[in-house]
Amino acid sequence: MPSSQGFVLVAKPARARYIGNMTPPGSYPSDLSDERWELIAPILNAWRAERRGQGLDIGRPPEHDLRHVMNAILYVDRTGIP
């Protein structure tokens, strides 16, 4: 919509969020396979629930998918990024 100064305000597109088992485009070879993720997901989800239960249950809920966190850790570990 044009304004009186002659420029247009454009809203930024929203960042894509990946929910559940959706993976972002361009995954890496170091990413966990579905089979490996099924092995460790219950352990990490139990850890998150236990950790959340020990707090005062205030604040924002976790917004990062644990699978993406693990993929990032494995990427750094396997590629040697400092």
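The values are calculated or read from the model by the stated rules, or taken from the named source; none is laboratory data. Since this is a predicted model, take the numbers as computed values, not measurements. When we count neighbours, we look across all protein chains shown, and the Cβ atoms used for this are built from the backbone with ideal geometry, even at glycine.
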* Residue match in the stretch 12-27 (condition: modelled with pLDDT of 85 or more and surrounded by 10 or more Cβ atoms within 10 Å (Cβ to Cβ)) -> no
* To do: Pick out the one residue from LEU74, LEU39, LEU66 that is surrounded by 12 or more Cβ atoms within 10 Å (Cβ to Cβ), over 13 Å from the mean Cα position of the chain (by Cα) and under 22 Å from SER27 (Cα atoms).
  => LEU74
* **Search result, residues across the stretch 28-74 that are of a type in the set (Ser, Thr, Tyr) and at pLDDT 90 or above** => SER33
